[in-house]
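Here is the structure we will look at.
The values are calculated or read from the model by the stated rules, or taken from the named source; none is laboratory data. If you're wondering where the values come from, they're calculated on a predicted model, not measured in any experiment. Note: ideal-geometry Cβ built from the backbone for every residue, glycine included; neighbour counts use all protein chains shown.
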């Protein structure tokens, strides 16, 4: 995602320094006009705006604060610079990191990404869901407009992440339902194609997830080593949603059940059933009981 976003900043004429743990991504962007950096702090040094697009809170924290004796980008940023956090993290984490940044003269806004995957990032057709003060968001808007086609400023700091977590719950929760429906159908002897044809033609149970199951499977099977796949991402999204509901003291029993029962299985086995494999109920000749 970050690679496509950075490429659009370069195309829009922003002087852009880039860093990634994968050298090939940095090399590709350098070929398009970006300036390669040897570390995140080097990339951020002297920058007016810094975009952070990694996997989770631990990685964001490492980028901002450093770890194992290394410096973070907050040690090299000039005063009044703004850090755009694109990684889906908790609203509380955003507020916590903003307080640290402000102690050092900088600030954060949360700029959650939705509206498509890497292809949308390359095309500049993402949607950004933003939380933060009006002044900071407007200062960053030219850069945001270069990377996304839609900018939704939904509220104060943390609001963008909160809205994204709710949206992700609907997506990942539906994914958990589809994977279980597939297993139940296979346990009854229905083929995968049969099940999805019934769902598609009947429309009652159809969704973006069911209609793009092959796409999700291909992503899970072909993503390069070291890149979080759909299973890991879905488990993270559902866990964040469960934590948000608990902190807000909102009754969400379906979400709680998915987090407790489905997330461990998603982490262990991934999202999709491999083609040609029978679920446990069929392998052992059992015709009843839950199939997960």
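When the helices (runs of 4 or more DSSP H) confined to the range 217-292 are screened for residues that are modelled with pLDDT of 95 or more, those reaching at least 3 such residues are found at 230-247, 253-257. Applying a threshold of 9 Å to beta carbon distances and a minimum spacing of six or more residues, or different chains, the list of pairs starting in the range 161-174 at a residue that is free of Cβ contacts under 8 Å to residues at least 40 places away in the same chain and ending at one that is surrounded by fewer than 22 Cβ atoms within 10 Å (Cβ to Cβ) and not in a helix (DSSP H, G or I) reads 174/207. Residue-level check: of (1) surrounded by fewer than 22 Cβ atoms within 10 Å (Cβ to Cβ); (2) within 22 Å of the chain's Cα centre (by Cα), residue 88 misses just (1).
Given the structure, is residue 121 at pLDDT below 95, within 25 Å of residue 4 (Cα to Cα) and either in contact with a helix residue (DSSP H, G or I) (Cβ under 6 Å, 6 or more places away or on another chain) or assigned to a loop (DSSP other than H, G, I, E, B) (or both)?
Spelling it out, residue 121 is indeed at pLDDT below 95, within 25 Å of residue 4 (Cα to Cα) and either in contact with a helix residue (DSSP H, G or I) (Cβ under 6 Å, 6 or more places away or on another chain) or assigned to a loop (DSSP other than H, G, I, E, B) (or both).
The single condition among (1) surrounded by 15 or more Cβ atoms within 10 Å (Cβ to Cβ); (2) under 23 Å from residue 240 (Cβ atoms); (3) modelled with pLDDT of 95 or more; (4) out of contact with any strand residue (DSSP E or B) (no Cβ under 7 Å at 6 or more places or on another chain) that residue 99 does not satisfy is (1). Among the residues here, residue 33 does not qualify as without any contact (Cβ under 8 Å) to a residue 60 or more places away in the chain, out of contact with any strand residue (DSSP E or B) (no Cβ under 9 Å at 6 or more places or on another chain) and under 22 Å from residue 104 (Cα atoms). From (1) out of contact with any helix residue (DSSP H, G or I) (no Cβ under 7 Å at 6 or more places or on another chain); (2) farther than 17 Å from residue 237 by Cβ; (3) touching a residue at least 60 places away in the same chain (Cβ under 8 Å); (4) surrounded by 16 or more Cβ atoms within 10 Å (Cβ to Cβ), pick out the condition that doesn't hold for residue 143. It is condition (1) that residue 143 fails. The single condition among (1) assigned by TED's automatic domain parsing to the domain that holds residue 93; (2) surrounded by fewer than 20 Cβ atoms within 10 Å (Cβ to Cβ) that residue 129 does not satisfy is (2).
Among the conditions (1) closer than 17 Å to residue 156 by Cα; (2) free of Cβ contacts under 8 Å to residues at least 40 places away in the same chain; (3) touching a helix residue (DSSP H, G or I) at 6+ places or on another chain (Cβ under 7 Å), residue 91 misses just one, which is (2).
Here residue 61 passes the criteria (1) part of a helix (DSSP H, G or I); (2) over 21 Å from the mean Cα position of the chain (by Cα) except the one numbered (2).
Checking the structure you have, find out if any residue of the range 34-55 is surrounded by fewer than 16 Cβ atoms within 10 Å (Cβ to Cβ), touching a helix residue (DSSP H, G or I) at 6+ places or on another chain (Cβ under 8 Å) and more than 26 Å from residue 133 (Cα to Cα). No; the residues of the range 34-55 include none that is surrounded by fewer than 16 Cβ atoms within 10 Å (Cβ to Cβ), touching a helix residue (DSSP H, G or I) at 6+ places or on another chain (Cβ under 8 Å) and more than 26 Å from residue 133 (Cα to Cα).
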